[in-house]
Amino acid sequence: MAKRGRSGARNSARPVAGVVEVPKGTRPDGPVEGVYYIDTGDCELIADQDNSNGWLLKINGVMSSHIDLADPLFLDFEYMRWMAALIESRWPPRPKAGEPARLRGLHLGGGACSLARYFHAAYPDARQVVVELDGKLAEYVRGWFDLPKAPLLRLRVGEAREVTETLTSDTRDFIIRDVFAGALTPRPLTTQEFNNHVRRVLAPGGIYVVNSGDAPDLKNAREDAATIAASFEHTVIIADPAMLKGRRYGNMVMAGSDVPFDGDPQLARRLLGGAVPAHLWNDAQVRAFAAGSPVRHDPAPIAP
């Protein structure tokens, strides 16, 4: 559930023969269908039957990512399109390298690095770091999908919160949280204390964007929204109407910033124009949605 949101109903998976074992210390040379052992379990690479250049990645049975090898600007998952639209509304893409501004991005949760590839294509001078807990998965993804090399894109193996806490203040323009253990984001990445670390790392005017997965009761989403609103003066939510009304399982994109999200009047129109039209809730709507929900905090330290 945590990574759903592809446009349209599609059946792209085909059966796989078994587990593929790659000798330690070697890299796969391009994508090959199969189930692969990784440090945290297994992942499955599936050819997209609707797109000859497309590949789907499942991690421990959960659909995680889609990659189009020929077109990094193609995002098959709707929630990723919403994230890209939100970031581009603040920093319009620059088509040529060497323009004055250069985006600095941090991705918490790697998967197939779909968004990192997208932003590299949209902002050729961007500097991005992807934090991935699973070192073996990161190695596979580097070999399968020909990712940009450092310093344009660095894959850092580690736990997302631990890495974030070590980063220098005011050094990222956007931070994306897209980390799941099963259906939900691990709680240490959802507390106000963690959000405060994120805010410290963000430069003035930066954006914190999260993928919040939830069931129809929306309890998790309301708590996520309440906690983000406690750390940031300005917030938005992007989701399709059925999700906002609690009619299905799915994803909401939430964001926080120290400046308002009203710089691009075309954003709402762009969100409505997708295969799955989405609504944009402003700060007042987000706070009304979160009203009465608890702000999440780290556990109190145990007394000696």
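Derivation of every value follows stated rules applied to the coordinates shown; laboratory data play no part. Everything numeric in this text was worked out from a predicted model, so none of it was measured. Cβ: placed from backbone, ideal geometry, glycine included. Neighbour counts: every protein chain shown.
Quick notes on this one:
- Simple spin-label estimate for Asp264 and Asp39 gives 3.4 nm between the two label positions (7 Å along the Cα-to-Cβ direction from each Cα).
- Counting DSSP beta bridges with both ends in the chain, the antiparallel % (nearest 5): 60
- The packing ranking, built from the mean of other Cβ atoms within 10 Å per residue, places the peptides 129-136, 42-49, 76-83 in the order 76-83, 129-136, 42-49, highest first.
- By definition, a body whose alpha carbon gyration tensor gives a ≥ b ≥ c is rounded when a/c is under 1.5, and the chain falls into this rounded group.
- Residues considered: Arg117, Arg248, Arg222. Largest GNM mean-square fluctuation over the chain, using C-alpha springs under 10 Å, is found at Arg248.
- Overall Cα dimensions of segment 28-67 - principal axes, largest extent first, Å: 29, 23, 12
- For the chain, the tally of Lys pairs with Cα-Cα distances below 21 Å comes to 9, considering only residues 8 or more apart or on different chains.
- Value at 222 nm in deg cm²/dmol, rounded to 500, when DSSP H runs of n ≥ 4 in the chain each add -39,500 (n - 2.57): -7500 deg cm²/dmol
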